[in-house]
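In what follows, a single structure is set out as structure tokens and then discussed.
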Amino acid sequence: MAVSRSRVAGMRRVVVIAVAGASLAGCSSFSMDAFKSTPPTVQVQLDSIPSGADAKTSAGPGCKTPCSIAVPATDFSVTFTLNKFQPVTIPVQVINVPADVTTPASTSIDPNPVVAELQPAGSPPKSARKPPPKPKQAKPAAAAAPAGSPFPPPPAAR
């Protein structure tokens, strides 16, 4: 059985297209993100008084104090929350010191450690509270007319 030359070329074309399509399908999940470097991170120590508070950074990560977490090397804030205590938010500044001839580049955090002193969420201070209501005063009894008054005495209350 002889196969014509044009038919072989056509089949070859189909095979080449199929292989090329399969190889491109494998690349569909490929992205340029693979070439981007991950942003540098810094380690920060978080603590609270009392300990055991939930500490959540504006950069995303969080933990229960005392703890240490890695966050992207950009300015952020930390919010500390604990049941029966008022929440506290503390801003944190990341300081990048560029390298020079005598020292290598460095990154520091201010403040580090980040410590929050939580206040009880009790009643408001006395100055903010409403004063207690004043008791109602009873109406004074009708005064009797003084002796020798030209006016008659007031009628008796029933």
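The values are calculated or read from the model by the stated rules, or taken from the named source; none is laboratory data. All values reported here derive from a predicted model rather than from experimental measurement.
Please tell me if Phe76 is farther than 22 Å from Pro39 by Cα, modelled with pLDDT of 95 or more and under 15 Å from the mean Cα position of the chain (by Cα). Outline the logic, then answer.
Values: farther than 22 Å from Pro39 by Cα: no; modelled with pLDDT of 95 or more: yes; under 15 Å from the mean Cα position of the chain (by Cα): yes.
When the stated conditions are applied, Phe76 does not pass them.
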Subset of the range 36-69 that is part of a strand (DSSP E or B) and among the basic types (Lys, Arg) - its residue that is farthest from the chain's Cα centre (by Cα): Lys64
